[in-house]
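**Q** This structure is in structure tokens; I'll ask about it shortly.
Please treat every number below as a calculation from the coordinates, not as lab data. Not measured: the values here are computed from a predicted model. Note that we place each Cβ from the backbone using ideal geometry, even for glycine, and neighbour counts take in every protein chain shown.
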Amino acid sequence: MTTAEPAVRLRGVTKVYDGGVAALGPLDLDIARGAFVSLLGPSGCGKSTALRLIAGLAAPSTGAVEVARAAAPGAVGFVFQEPTLMPWASVRDNVYLPLRLAGVARRAAMPRVEAMLARVGLADFTEAVPRELSGGMKMRVSLARALVTEPDILLLDEPFAALDEITRFRLNNDLLALWRDLGKTIVFVTHSVFESVYLSQRVLVMTARPGRISATFAIAGPEPRGEAFRTSPDYAAQCRAVSAALAGAGEDPSREGVR
Amino acid sequence: MTAGAGGRHPARLVLPFAALAASLVAWDLIVRLNDLPPYVLPGPGLVLATLVQDWAILWQSLAITLVTTFEGFAAATVIGLALAVLFSQSKWLEYCFFPYAVILQVTPVIAIAPLLLIYLPQQLAVVTCAGIVAFFPVLSNATLGLNSADRNLVGLFTLYRASRWQTLRYLRWPAALPAIMGGLRIAGGLSLIGAVVAEIAAGAAGSGSGLAYRIAESGYRLNIPRMFAALLLLSIAGIVIYMALALVSHLVLRRWHESALGKDM
Ligand SMILES: Nc1ncnc2c1ncn2[C@@H]1O[C@H](COP(=O)(O)OP(=O)(O)OP(=O)(O)O)[C@@H](O)[C@H]1O
Ligand SMILES: [Mg+2]
């Protein structure tokens, strides 16, 4: 794994929406290959916007977004805040979707689809439709769908925000295990300090709208991380530091972009 | 909601029939007590007897009307869905041509029918009328449905570089199915109405032998019981069409859409 060329590079990126809302930036950002980075910020600060720009779902108003291998379909996996599954399709077909769109024949795709469903613990639910699943299971389907193309970069937009704490903790651990096993670059958007510190190598704290990066924390923790880390004083101390930075960012006085 | 979930409670099945029986008895009593002659108001027994007695004629007419209805409905479905798909591919096409669909919709078909009967062979004109009436709900519902796919799912398809065709086939079309089914259910009943209206217009022009023509003809001959019998057949045909389409809709949507799910699911 080379660290020379970053997986994601943002230079002077801003986004102004049609209505004149300055949502983001200017933002400069390098995300190394294989890194687990969290974007942390108050609601409405432009986190989703940043993620959509990285995914290429929206174009920046100014600046440049470079994503390694982004031209290859399936190189970027995206998990939305809601599960965003096709309600008419079975779990299997939902996960098959990215491969189907890439022209992979059903027979050739099924082993990969099934392996990924087993990976997220849904091997017994391949024929279920989304409404027959719990919220956490839907989220795992969404995760499996993002992973099935073996993307280089995984973009997650507050994927576990709507879940209860127990489920969230379990999915956090699942995600960490996936990251360790598969070595993807992960950009994780959240508004939870605790989640960001627990999961990531690096936490980027954003200011209120228009979002810029106000502080960067390199999180030190044992590898692999687990429940022991979550209850350690070390973890608590780092959460406190990030929290303080977030509170400071929230009342940033230099909000020149707001109209 | 309609075909699937209902009917579990016995009262829901029994009550409508009880109400029907009561109104039939009331009808019969009114006719008997007032000693009304059949050309003013035939009793239910006489209507039924006429239905049986004239069955050969009425059945033939019903078949003709149903064929017209079905052809009009099929044409409306094919053309409506095709246009909706085109509109979903190009906003410009939609802006250019949707107004004409609205014009066709707001112009009463009874006013268009005589014109069509001049320009087209009779059977084709009648089918066209049925189609015109049924076409708008198909088009407008399908257009709405095709445009209401989840925004994030559309984003996902973009992310995976889906072609227009793939987006239509795997996302927009299935997402539109509930709306399309709703449109078809309305269109089924409307195409029957369109067929009847056109038959009446054509009947005045001379030939024709559909059920509506029978009604008009019986009217001229003051054969009121037969009018009632034909009317009864028309209503039953309408109900059957609606229920058949509701059933199709239920079968298509049953696994995933809220409208087709029982309460306890
Ligand atoms: N499509 C849009 N059109 C206009 N303005 C938008 C659009 N999307 C977002 N915005 C604005 O941009 C700002 C940033 O939105 P964004 O969704 O990126 O916030 P966020 O950080 O993800 O918030 P949250 O944590 O609540 O999800 C918001 O203030 C919002 O009003
Ligand atoms: Mg957001």
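**Q** How many percent of all Cα-Cα pairs in the stretch A:181-249 sit more than 14 Å apart?
**A** 59 percent
**Q** Something else now. Scan chain A and report its longest stretch carrying no GluC sites (Glu not before Pro) that are both in a DSSP loop and have at most 12 other Cβ atoms within 10 Å.
**A** A:1-126
**Q** Percent relative contact order of the stretch B:133-265, based on C-alpha pairs within less than 8 angstrom and at least six residues apart?
**A** 25 percent
**Q** Under 12 Å from the 7 Å Cα→Cβ point of A:Glu227, by amide nitrogen: which residues of the stretch A:170-202?
**A** Only A:170 pass the distance filter.
**Q** Between B:Arg254 and A:Ser43, how many nm apart are label points set 7 Å from Cα along the C-beta direction?
**A** So the label points at B:Arg254 and A:Ser43 sit 4.2 nm apart.
**Q** Right, something else. Got the relative contact order for chain A handy, in percent, Cα pairs under 8 Å and 6 or more residues apart?
**A** About 26 percent, as a whole number.
**Q** Can you work out ³J(HN,Hα) from phi for every residue in the stretch A:95-104, in order, using Karplus 6.51 cos²θ - 1.76 cosθ + 1.60 and θ = phi - 60°, giving whole Hz and x for Gly and Pro?
**A** Once rounded to whole Hz, the list reads 6, 5, 3, x, 6, 4, 5, 7, x, 7.
**Q** May I ask you to derive the FRET efficiency for B:Ile57 and B:Val25 from their Cβ-Cβ distance with R0 = 45 Å, giving the value to the nearest 0.05?
**A** Calculated transfer efficiency: 0.95.
**Q** Can you give the mean number of other chain Cβ atoms that lie within 10 Å of the Cβ atoms in peptide A:83-91?
**A** 5
**Q** When the scattering of the stretch B:101-172 is computed by the Debye formula from its Cα atoms alone, each counted once and equally, what is log10 I(q)/I(0) at q = 0.11, 0.13, 0.17, 0.20 Å⁻¹?
**A** One equal scatterer on each Cα of the stretch B:101-172 leads to -0.47, -0.57, -0.69, -0.80.
**Q** Towards the positive end of the charge dipole of the stretch A:163-234, with charges on Cβ (+1 Lys, Arg; -1 Asp, Glu), say which of A:Pro222, A:Met206, A:Leu163 has the farthest Cα.
**A** About the Cα centre, the residue reaching furthest to the positive side is A:Met206.
**Q** What are the ³J(HN,Hα) values, in whole Hz, obtained from phi via the Karplus relation 6.51 cos²θ - 1.76 cosθ + 1.60 with θ = phi - 60°, for each residue of the stretch A:243-248 in sequence order, with x given for Gly and Pro?
**A** Residue by residue, the stretch A:243-248 yields 4, 4, 4, 5, 4, x Hz.
**Q** Can you give the extra length, in nm with one decimal, that the chain gains between B:Leu93 and B:Leu115 once fully stretched, where that is 0.36 nm per residue apart less the Cα-Cα distance?
**A** Length gained between B:Leu93 and B:Leu115: 5.2 nm.
**Q** State whether chain B is rounded, prolate or oblate according to the following rule on the C-alpha gyration tensor (a ≥ b ≥ c being the square roots of its eigenvalues): a/c under 1.5 gives rounded; otherwise a/b larger than b/c gives prolate, and the remaining case gives oblate.
**A** Oblate.
**Q** Let me ask you something else. Given the protein assembly as shown, what count of lysine pairs have C-alpha atoms under 22 Å apart, with each pair 8 or more places apart or on different chains?
**A** Lysine pairs meeting the criterion: 4.
**Q** What FRET efficiency would be calculated for the residue pair A:Glu132, B:Leu124, taking the C-beta separation as r and a Förster radius of 56 Å, to the nearest 0.05?
**A** The value I calculate is 0.70.
**Q** For chain B, what is the relative contact order in percent, using Cα pairs closer than 8 Å and at least 6 residues apart in sequence?
**A** Contact order relative to length: 29 percent.
**Q** So, R0 is 30 Å and r is the distance between the beta-carbons of B:Leu104 and B:Ala244; what FRET efficiency does that work out to, to 0.05?
**A** Approximately 0.70, to the nearest 0.05.
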